[in-house]
Amino acid sequence: MTRFILTAAEMRAAEAGAIAVGTPAQLLMERAGAAAAEAIRRFAGPLPALVLCGPGNNGGDGYVVARRLAQRGAQVRVAALCDPKSADAQAARAAWYGPVETLAEAPPAPLLVDALFGTGLARPLDESLSARLGTLAEAARIRVALDLPSGIATDDGRILSPVPDFDLTIGFAALKPSHLLQPAARHMGRLAVADIGIEARSRLSLIDKPSLRAPGPDDHKYRRGYLLVVGGAMPGAAALAAIAGARAGAGYVALVGDGGSLPNAVVRRPASDLSEALADPRVNAVLIGPGLGRDDEAWQRLVEAMSSPHPLILDGDALWLVAERGCPRQPTAPTIATPHSGEFDKLYGAKGCKIEAARAAAARSGHLIVYKGSDTVVAAMDGRAAVSGVGPAWLASAGTGDVLAGIVAAQCAAGLPAFEAACAGVWLHSRAAELAGPALVADDLPGRLAAAVGECL
């Protein structure tokens, strides 16, 4: 099932659409508060709670949460920044039967619920308010944010004001981009999404577990996918990519050039065989870049690879060469580029929101973009984009990008369209890292891919 991610504007439109077809706004608020209260109760248990309510509808959600928690027997106090401004929030406050303290004077509680500002915040909090939120959060044992932590922009991961670390963030109807984009995502804690009866679609989605096809009785190694990896100056990087491609499901993997230590199942071919290998019509995808090098010989290999008719995955040194010398030719087959932030800046120079930067790069280059990081973004030329969940931090080590390139290339060789292949590769890479555990090195990942792939069949 596709899990869509809604921007602030898309969320407002979805709410307006629900209201237009007969769902009262007050009912949406009641559903949001009730669902959030249940999630909080299950997560935190019966801890005494302090709910901080802001002036808008996020504050209205907070009043509903307070009432619902109290009805389940919890000790609940409410502290308000000011009086509610919207009619729906005013109605929610009127339905809260307990006292309302001033936020500036409210003592802390073991459970803190931040319902000050949610979707649509566009400016920093006042310094005194930000400091007060931080003090109350530091004194709490468990911290929960409704919609988004106060002080975070909705759409681009920016932190507008200092933000405490939360243990649980509850989104409404759908995830928002800042739930997943850094630096905001590091403050979210566990993510939950409350169903409030709104259906909305978007061209932005979460990279979720893929559904992969298991080999059938009529399959053979070439039907499962022939992946050709072009090696170069650093044999270990190409070897990591080739091994990952084989473990990720390609039926036949060949490495042209030096490839370090390889399983016997990976076919080795000398660098002089590159033209012949690229001319083989059975090849389903070509990966070039891991360990390629940056000299004239590497450039000539890149020119040959980009002149072939096969789907192409460009990584590492191949991207550096394109940035330095220009694109030798526009490939005729689907092309996937997998830059990290430094390569992305050198190639495309786009700044600002990572999602929009990746979309713009895809549109300009004609390549599908896998903009790597702890918040990896996949963007297609037609405007579709997907964002990964926060991956294990241990992936920030040498060689893990080569493994990712090999996994994506294997999915492309197996016949998945470029966007789906990239998303599947990103998910499998992250899942293999989770299975490998802390202190992993890149060499650990291929051995975990069989289990990761098995979960997707």
Obtain the nm distance between the two label points defined at Asp219 and Asp195 by a simple spin-label model: each point lies 7 Å from its Cα along the Cα-to-C-beta direction. 3.3
For the stretch 253-395, whose charge dipole is built from +1 on Lys and Arg Cβ atoms and -1 on Asp and Glu Cβ atoms, the candidate among Gly391, Pro331, Gly316 with its Cα farthest towards the positive end is Gly391
Heavy-atom accessible area of Tyr348 with all protein chains present, probe 1.4 Å, nearest 10 Å²? 40
Let me understand the stretch 1-109 better: what is its radius of gyration from the alpha carbons, and its Dmax, in angstrom? 14.7, 46
With the 1.4 Å probe rolled over protein heavy atoms, the chain has an accessible area per residue in Å² of 41
Taking placed amide H atoms and a strict 5 Å upper bound, the residues 5 or more places from Val193 or on another chain that come that close are Gly171
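Too long at a 26 Å Cα-Cα cut-off: which of Lys209/Lys346; Lys85/Lys176; Lys346/Lys372; Lys209/Lys372? Don't jump to the answer; show the numbers that get you there.
On the way: Lys209/Lys346 31 Å; Lys85/Lys176 24 Å; Lys346/Lys372 14 Å; Lys209/Lys372 18 Å.
Pairs exceeding the cut-off: Lys209/Lys346.
On a full-extension model of 0.36 nm per residue, what is the gain between Ser86 and Asp165, subtracting their alpha-carbon distance, rounded to one decimal in nm? Intermediate values should be presented prior to the final figure.
Details: separation 79, 0.36 × 79 = 28.44 nm, distance 2.85 nm.
Extra length from Ser86 to Asp165 when fully extended: 25.6 nm.
Net charge within 12 Å of Gly349 by Cβ-Cβ distance, Lys/Arg positive one each and Asp/Glu negative one each, not counting Gly349 itself?
Working: positive: Lys346, Lys351, Arg364; negative: Glu343, Asp345.
In short, +1.
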Relative contact order computed over the stretch 210-335 (Cα-Cα under 8 Å; 6+ residues apart), in percent: 24
If the label point sits 7 Å along Cα→Cβ of Gln300, residues of the stretch 232-260 with amide N under 13 Å come out as none
For the stretch 140-145, what does the Karplus curve 6.51 cos²θ - 1.76 cosθ + 1.60, with θ = phi - 60°, yield as ³J(HN,Hα) per residue in whole Hz, taken in order and with x for Gly and Pro? 8, 7, 10, 10, 10, 10
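Tell me the mean residue ellipticity at 222 nm calculated for the chain from its helices only (DSSP H runs of n ≥ 4, each -39500 (n - 2.57), averaged over every residue, nearest 500). Spell out each step's value before the answer.
On the way: 15 runs with 174 residues, N = 457.
Rounded to the nearest 500, the figure is -11500 deg cm²/dmol.
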Pairs of Cα atoms under 8 Å, at least six residues apart: use those to get the relative contact order of the chain, whole percent. 13
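So for the chain: antiparallel DSSP bridges make up what percent, rounded to the nearest 5?
So the antiparallel bridges amount to about 15 percent of the total.
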Derived scalar couplings ³J(HN,Hα) [the stretch 34-44; Karplus, 6.51 cos²θ - 1.76 cosθ + 1.60; whole Hz; x for Gly, Pro]: 5, 5, 5, 4, 5, 5, 5, 4, 5, 7, 9
Mind checking which of Gly366, Ala418, Ala379 is farthest towards the positive end of the stretch 323-418's charge dipole, using Cβ charges of +1 (Lys, Arg) and -1 (Asp, Glu) about the Cα centre? Gly366
Keeping the other protein chains in place, figure out the carbon and sulfur percent of the accessible area of the stretch 218-316, with a 1.4 Å probe. 48
Whichever aspartates and glutamates have a C-alpha closer than 16 Å to that of Lys351, once near sequence neighbours (fewer than 8 apart) are set aside: Asp155, Asp156, Glu343, Asp375
For Val390, solvent-accessible area (1.4 Å; no DNA, RNA or ligand), Å²: 80
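Go through Ser341, Ser261 and list them by solvent-accessible area, largest first, probe radius 1.4 Å. Mind showing how you got there, number by number?
Working: Ser341 65, Ser261 100 Å².
Highest to lowest solvent-accessible surface, that is Ser261, Ser341.
Provide Rg over Rh for the chain; use the alpha carbon set for both Rg and the Kirkwood Rh (inverse mean inverse pair distance). Present the calculation step by step, with values, prior to reporting the outcome.
Numbers: Rg = 25.1 Å, Rh = 23.6 Å.
Across the chain, the Cα-based Rg/Rh ratio is 1.06.
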Where in the stretch 58-95 does the label zone of Ala104 land, with the point 7 angstrom along Cα→C-beta and an amide N cut-off under 18 Å? 79-84
For the charge dipole of the chain, defined by +1 on Lys and Arg C-beta atoms and -1 on Asp and Glu C-beta atoms about the Cα centroid, which residue among Thr2, Ala233, Ser150 has the Cα displaced farthest towards the positive pole? Thr2
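Would you kindly work out the equivalent ellipsoid of the stretch 239-382 from its C-alpha gyration tensor and give its semi-axes, the square roots of five times the eigenvalues, largest first in whole Å?
Numbers: eigenvalues 135, 54, 41 Å².
So the three semi-axes of the stretch 239-382 are 26, 16, 14 Å.
Ignoring ligands, DNA and RNA, what percent of the 1.4 Å accessible area of the stretch 376-429 is carbon and sulfur? Spell out each step's value before the answer.
Values: 1020 of 1540 Å².
Percent of accessible area from carbon and sulfur atoms in the stretch 376-429: 66.
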Once both labels are modelled 7 Å past Cα along the beta-carbon direction, what's the Ala94-Ala439 spacing in nm? 6.2
Using unit Cβ charges (K, R positive; D, E negative) and no other charged atoms, how large, in debye to the nearest 20, is the dipole of the chain about its Cα centre? 720
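The values are calculated or read from the model by the stated rules, or taken from the named source; none is laboratory data. Keep in mind that this is a model prediction, so the values were computed, not measured. Using ideal geometry, Cβ is built from the backbone for each residue, glycine included, and neighbour counts are taken over all protein chains shown. With ligands, DNA and RNA removed, areas are computed over all heavy atoms of the protein, side chains included. Shrake-Rupley method; radii C 1.70, N 1.55, O 1.52, S 1.80 Å.
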